[in-house]
Every structure is written in structure tokens, then in C-alpha cells.
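Everything on this sheet refers to the single structure shown next.
Just so it is clear, none of the values below were taken in a lab; they were calculated from the coordinates. Source: prediction; values computed, not measured. Methodologically, a virtual Cβ is constructed for each residue, glycine included, from the backbone with ideal geometry; neighbour enumeration extends over all protein chains shown.
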Amino acid sequence: MQHYDFKNQHGCRVKMKTREIFNENDNICKELNTFIIHSSKNQMKAFCSNSRTFYAKPNLYRSNQPFFVITCELKRGIHRNRCKYKEQPKSTQYLIIGCENKLPVHYEGDRRNIWSPTFLVLLVATVIVATVKEETKYKKFLRQHFKNQHGCTTEIKRRKIFNEKYNTCKRKNSFIVSSTTNQIKDICDKAGTFYGEPNLYRSNQPFPVITCRLKKGTYRNNCEYNDGKKSSRYLIIGCENKLP
């Protein structure tokens, strides 16, 4: 029920809180969530049977008709109980949804962030995907969030940063810049303050960061990002054994 709301009776903040929609891996606010409105459950089920067109692996399908949607975007907050959202205007979009056993199980996006299916298939067919070697959580954190020297699109592609569960583009990624690894590690020790479960710590001083936001693309090899602006922010980081 994370993406279906027939009547659209309540605002984003109420819907996200009452339905307990958050990032379940670390109990923090979900950055973006889209609700499909004014459509029946049977229409949703038909999406994965006779009302869709195969789009891309893994089992992604595109609707044959547009749907009404409302998108909730995180305005402020980190922990799941402190999330504040702003609601984007209602619009009609062709949807991209993951299906299993002819039932929808994952909302991937809509045509606002999608390239053409023909181009996508050609692109996937011509790209040789290199796998990331097994790495520790700390090394993965550094790969995904430490420094940005070549711009958002180049850096995210070069470091192979994507949604690993579905092989799709990551909607947002932040890089900590102009800082050392020791300064970042210290957030989990003397330079941070316990923020909340599970093992979240807030830095005692602001850090310079660059936040990259997805501009267009769906599959991991066709992601294009806006070049983020540098800003100074207090960081919230999950820690294990005094490492981020």
C-alpha cells in the first residue's frame, strides 16, 4: 500500500506517517514516494497482465495508458518519526512498475525520468557491466559518498552507484567533499552525537557536501544527474564498530 491511494484524502505527511512508509534498511525518511490515485485495485493488477508492455529487466513493465499520480518529496527530517513532506501537483504519467506472478511489487518511476524503451534495450545490449568486488560496509560508504572530482553523472557512473536490488538509477546521492576520511570516521566517535536508532550519529560540525539528483534515466547504465551545488550541512550517518 505504499503507492496506492484511490481517494487521495490526506496530504503527504499524513499518508507517509500513517502507512509507515520509510527506508526500512536504516529507519530514516524516504526521499520520494509516488501515490497512484483515482484508479481501482483491479486496474493496478491488470497492469501486470494485459495492460502493460515489457520495458526492461528485471521484470519492469510500462503502462499502456497514463495514470493520475501524486508525488511526495522529503522537505526536511532524517529519522522516520520526523519526516516533513511537500506534495507535488497532481499529474498524469505512464508508469514503470516491477511485477512478480502478475502482481505489482515495485514502483520504479514514470515517463518523466525514462528514456525510450528502444534506446534502453540497445544500450543494455552494448554495455559490458563490470561487477564491484566484495567490499566492507565502510569501503562501500566511501565509494558512494566520499569526494566528487568529475561531476555527478561521471562520478556516479564511474563508481557504479545504483539501486543494487533492481539495477536501477539511484534518485539522489550525496558526496562529502573537502574532508579527510579520518574526519568522517570521527563522526562515529568523538566528533559526533548519538541521534537515534539504529546507531545514527549527527556530526558536531557542518561538512561541505554535493548532492546529485537524478535528471533522467531508469536503468543503471543510462542515469543522468543534475550537477549538484556545494553546501554546508550537519551529517547524519549510520555507524558500526565506530565506522560509517
Surface/4 estimate of mean projected area, convex hull on alpha-carbon atoms of segment 12-114, nm²: 6.8 nm²
Degrees, to the nearest 10: 117-126 long Cα axis against longest axis of the chain: 50 degrees
Segment 12-114 - percent relative contact order, Cα under 8 Å, separation 6 or more: 27 percent
The chain: relative contact order in percent, alpha carbon pairs under 8 Å with at least 6 residues between: 15 percent
Lys, Arg +1 and Asp, Glu -1 on Cβ, resulting dipole of segment 12-114 about Cα centre, debye, nearest 20: 320 debye
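Take the alpha-carbon positions of the chain, form their convex hull, and give its projected area averaged over all directions (one quarter of the hull surface) in nm². Numbers along the way, then the final one.
On the way: hull surface 55.3 nm².
For the chain, the mean projected area of the Cα convex hull comes to 13.8 nm².
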Whole-Hz couplings from phi, Karplus 6.51/-1.76/1.60, listed for segment 226-243; x for Gly and Pro: 6, 6, x, 8, 6, 9, 10, 9, 6, 9, 10, 10, x, 10, 9, 6, 6, 10
Computed [θ] at 222 nm, helices only, for the chain once each DSSP H run of length n ≥ 4 contributes -39500 (n - 2.57): -4500 deg cm²/dmol
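Let me have the relative contact order for segment 125-238, percent, based on Cα pairs under 8 Å that are six or more residues apart. Working shown, then result.
Numbers: 179 pairs, mean separation 29.5, N = 114.
Once normalised by length, the contact order is 26 percent.
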Cα-only Debye scattering, segment 125-238: base-10 log of I(q)/I(0) at q = 0.10, 0.15, 0.16, 0.23 Å⁻¹: -0.32, -0.71, -0.79, -1.33
Virtual spin-label span in nm between Asn163 and Phe194, 7 Å along Cα→Cβ: 3.4 nm
Inter-probe distance in nm under a simple model that places probes 7 Å from Cα toward Cβ, at Gln2 and Asn42: 2.8 nm
